[in-house]
Ligand code: UDX
């Protein structure tokens with residue numbers, strides 16, 4: 001069984017490496033020669049725990065190859081995964097499918113009879129059927145199968161999620177497609193991972209509905225946090241208690257500065273756009289998109305108001321990545337919050353353990369620091385934006401002594417009363433009572 005993986009972005013690279021780990025012969029293809037050269041040299045192009053080791057081992061053992069040659073790779077492949085980007089289209093928020101169709105055209109020209117073509121990228125409902133018709137029209141002479149196989153990988157634990165998923169979802173239209181998927185996921189199958197074999201359309205809807213639901217859950221708890229702040233409640237206590245109801249579940253109830261990343265913002269917009277287009281309005285998700293945008297602005301506003309009140313001029317920003325254990329800054333709340341602080345005349349000194357090189361071009365005017373403590377030095381306000389482990393165990397007495405002021409805005413609820421007591425810091429978190437000095 002030979003696998004071709006088209007696209008070596010986040011999803012393609014993790015999936016390609018993991019299929020090689022399952023023992024298959026995998027060739028990863030990308031148009032960008034610079035990325036392919038780095039991968040050929042054994043360099044991992046994204047930061048993802050565990051990926052480095054698997055890539056090195058499988059490349060060394062000859063199961064994993066990187067190339068820019070799509071046609072020859074596809075001509076030799078039994079299963080061809082499409083894992084190219086589907087960014088938000090400017091204006092209407094719909095997913096831009098141009099890279100999917102470009103890949104489909106190239107695959108159609110080169111595929112061998114009986115090829116199984118699998119779309120892994122997140123695509124709007126109807127795309128798999130449409131791509132199938134598109135390829136069939138281009139190559140009426142070559143039999144092939146179409147499969148929709150959405151991924152549910154979380155950045156920062158993508159390797160673990162691939163190797164130990166809650167479930168695998170495959171949408172198929174024929175037996176050959178479903179048999180091929182049973183073969184490529186056999187190692188998981190043996191471990192009794194549930195495999196949902198369904199229609200192409202269901203698989204597409206499942207992916208969007210799953211992400212939309214999770215984004216809605218985060219947005220819900222963020223609004224509960226707002227209510228807690230106004231009424232003297234504590235969102236962590238509330239989340240813990242409601243989460244114990246199995247119908248609700250304890251995960252994704254962590255209040256914060258709003259969701260970001262490469263999936264939730266783009267997928268909620270695309271899902272809402274599909275609802276509008278199909279005349280099945282997804283009103284809840286429309287609101288989720290709006291509330292989340294507003295939330296990022298209101299986070300910046302809190303800090304700006306505190307700065308105005310205290311006469312602060314300098315803010316230390318800890319964490320740029322949209323979440324820990326990734327160097328990904330796509331749609332990170334920090335990309336809205338930091339420019340808003342700068343616009344209000346504040347100087348921002350920033351640190352992130354992994355995301356600095358991605359963040360530097362996106363955040364002009366920021367003073368970049370080599371450590372959290374260096375960023376904090378001389379700042380009147382510190383804002384904790386991403387819950388990296390390195391920021392969970394800061395010496396808060398040292399933080400207070402390095403700062404010129406004493407305001408700590410913890411937008412991830414990392415610290416508690418015992419940590420703050422005796423430090424001299426005035427501590428503001430999300431949906432919990434203010435602590436410390438002037439509390
Ligand atoms: C998500 C989905 O989890 C994954 O299944 C899908 O395939 C891709 O999108 P990812 O974007 O890597 O994965 O991040 P995730 O851990 O889901 O977090 C998304 C955002 O929500 C982050 O900004 C995170 O900080 C935020 N979040 C998450 C919260 O604010 N609170 C929570 O309780 C959980």
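What follows is calculated from the coordinates using simple rules that are stated; it is not laboratory data. Quick caveat: nothing in here was measured; it's all calculated off a predicted structure. Note: ideal-geometry Cβ built from the backbone for every residue, glycine included; neighbour counts use all protein chains shown.
Some points to look at:
- Across region 2-197, the mean sequence separation of Cα contacts (distance under 8 Å, 6 or more residues apart), normalised by length, yields a relative contact order of 20 percent.
- Rounded, prolate or oblate (a/c below 1.5 giving rounded, otherwise prolate when a/b exceeds b/c) for region 111-151 by Cα gyration tensor: oblate
- Compactness of region 108-261, expressed as Rg and Dmax over alpha-carbon positions, Å: 20.0, 69
- As a rough guide to protection, the peptides 313-326, 342-355, 16-29 ranked by mean Cβ packing within 10 Å, highest first, stand as 313-326, 16-29, 342-355.
- Highest-fluctuation residue, 241, 375, 103 considered, GNM on the chain with Cα pairs under 10 Å: 241
- Label-point separation, residue 68 to residue 138 (7 Å along Cα→Cβ), nm: 2.0
- Note on residue 310 and residue 201: their simple-model spin labels are 5.6 nm apart, each label 7 Å out from Cα toward Cβ.
- Residues residue 437 and residue 176, FRET efficiency given R0 of 51 Å [Cβ-Cβ distance, rounded to 0.05]: 0.15
- Residues of region 8-42 with amide N under 12 Å of the 7 Å Cα→Cβ point at residue 61: 18-26
- Relative contact order (%) - the chain, alpha-carbon pairs under 8 angstrom, separation at least six: 11
- Equivalent ellipsoid semi-axes - Cα gyration tensor, region 54-151, angstrom: 24, 19, 11
- Order of 403, 181 under a 10 Å beta carbon neighbour criterion, fewest first: 403, 181
- FRET E, pair residue 37, residue 244, Förster distance 51 Å, beta-carbon r, rounded to 0.05: 0.50
- nm² value of the averaged projected area, convex hull over the Cα atoms of region 245-394: 10.8
- Spin-label model, residue 395/residue 297: points 7 Å from Cα along the beta carbon direction are separated by 4.2 nm.
- Figure legend: label point modelled 7 angstrom from the Cα of residue 106 along Cα→Cβ; residues of region 1-21 with amide N under 15 Å from it are 4-9, 12-13.
- Prolate/oblate/rounded call for region 2-197, Cα gyration tensor, a/c under 1.5 rounded: rounded
- Available extension along the chain between residue 370 and residue 209 is 53.9 nm, counting 0.36 nm per residue and deducting the alpha carbon span.
- Gyration tensor (alpha-carbon) shape descriptor, the chain, a/c threshold 1.5: prolate
- With R₀ set to 56 Å, the beta-carbon distance separating residue 76 from residue 223 gives a calculated FRET efficiency near 0.60.
- Using a Gaussian network model of the chain in which every pair of alpha carbons under 10 angstrom is joined by a spring, one finds that among 167, 302, 90 the greatest mean-square fluctuation is at 90.
- Folded to 0 to 90 degrees: helix 200-231 orientation relative to the chain principal axis, Cα: 10
- Between region 378-439 and region 85-146, the Cα center-to-center distance that results, in Å: 49
- Relative to the dominant Cα principal axis of the chain, helix 10-21 is inclined by about 60°.
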